[in-house]
1. Pairs, please: C-beta under 7 Å, at least 6 apart or cross-chain, first residue of a type in the set (A, V, I, L, M) and in the stretch 65-82, second in a loop (DSSP other than H, G, I, E, B)?
2. Sort through GLU156, GLU100 and tell me the only one that's part of a loop (DSSP other than H, G, I, E, B) and of a type in the set (Asp, Glu).
3. Test ILE110 against the criterion of being touching a Ser or Thr at 6+ places or on another chain (Cβ under 7 Å) and of a type in the set (A, V, I, L, M, F, W, C), and give yes or no.
4. Would you point out the residue of the stretch 1-19, among those that are surrounded by 14 or more Cβ atoms within 10 Å (Cβ to Cβ) and not β-branched (Val, Ile, Thr), that is farthest from PRO72 (Cα to Cα)?
5. Please list, ordered by first then second residue, the pairs with beta carbon atoms under 6 Å, 6 or more apart or interchain, first in the stretch 31-49 and without any contact (Cβ under 8 Å) to a residue 24 or more places away in the chain, second hydrophobic (A, V, I, L, M, F, W, C).
6. From the list LYS67, LYS53, LYS33, which residue is closer than 16 Å to LEU122 by Cβ, surrounded by 10 or more Cβ atoms within 10 Å (Cβ to Cβ) and of a type in the set (Lys, Arg)?
7. Report yes if TYR75 is at pLDDT 90 or above, farther than 30 Å from GLU22 by Cα, among the hydroxyl-bearing types (Ser, Thr, Tyr) and under 15 Å from the mean Cα position of the chain (by Cα), otherwise no.
8. Please specify each residue of the stretch 98-131 satisfying the condition of being closer than 11 Å to LYS83 by Cα and under 14 Å from the mean Cα position of the chain (by Cα).
Amino acid sequence: NLRIANVIITWNVFQHFYPYFENVKYNWHFAFKESLNECLSSTTALDLHLILKKMTAYLNDGHIYVKYKNDPYDYLPKISIKKLENKYFISHVSDSLKSEVAIGSEIKLINNKQPSFYFDSLSTLISSSTAQSKNASIEQEFFWGLKNSSIKLSIEQSSEIKDVILIRDTPKWGGVYR
């Protein structure tokens, strides 16, 4: 199984060449076993990508980033967010969306789920040495998805709750709104 081989190779590279294990607060051997078990039920290259992201996230090192060149979740809507005091706000909006979404609007729901659900899910996949750095990476990856897929936001804008449908039509490496 090629996915298992990839996990073994990746784990070994870090096990033998990573210089900061004294700072790792997680059992790296357990991360290896967990990743191997996940490989047994995985079936796609995208599954492997997520397994490798999760495994390396345990190292809490902002220099580590796992990229999948054929990642279909390569698009985002033309907005970005900031997390402040456990709330999520629109921080930037493209000109084409300014009539629908105001900067500073609080995101109450995303596809009918709490924003923290998505934020917490992403936090298990991002390697970072500080909470601030992890939050910044999550804010960047927050809305990534399939090309032209939609995302429904329920936002509080001018003391009213408003639903907005956004389209992920901007390549993530060419159009992050910051």
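The values are calculated or read from the model by the stated rules, or taken from the named source; none is laboratory data. Quick caveat: nothing in here was measured; it's all calculated off a predicted structure. A quick note on method: Cβ atoms are made from the backbone with ideal geometry, for glycine too, and the neighbour counts reach across all protein chains shown. In case anyone asks, the SASA skips ligands and DNA or RNA and just uses the protein heavy atoms, side chains included. Shrake-Rupley method; radii C 1.70, N 1.55, O 1.52, S 1.80 Å.
1. Pairs that qualify, where the first residue is of a type in the set (A, V, I, L, M) and the partner is in a loop (DSSP other than H, G, I, E, B), are LEU76/PHE143; LEU76/TRP144; LEU76/ARG168; LEU76/LYS172; ILE79/VAL101; ILE79/TYR177; ILE81/PHE142.
2. On the way: GLU156 fails: part of a loop (DSSP other than H, G, I, E, B).
Step by step, each of GLU156, GLU100 is checked, and only GLU100 is part of a loop (DSSP other than H, G, I, E, B) and of a type in the set (Asp, Glu).
3. Considered against the rule, which asks whether it is touching a Ser or Thr at 6+ places or on another chain (Cβ under 7 Å) and of a type in the set (A, V, I, L, M, F, W, C), ILE110 comes out as no.
4. TYR18
5. GLU38/ILE51
6. Of the residues listed, the single one that is closer than 16 Å to LEU122 by Cβ, surrounded by 10 or more Cβ atoms within 10 Å (Cβ to Cβ) and of a type in the set (Lys, Arg) is LYS53.
7. Spelling it out, TYR75 is indeed at pLDDT 90 or above, farther than 30 Å from GLU22 by Cα, among the hydroxyl-bearing types (Ser, Thr, Tyr) and under 15 Å from the mean Cα position of the chain (by Cα).
8. PRO115, SER116, PHE119
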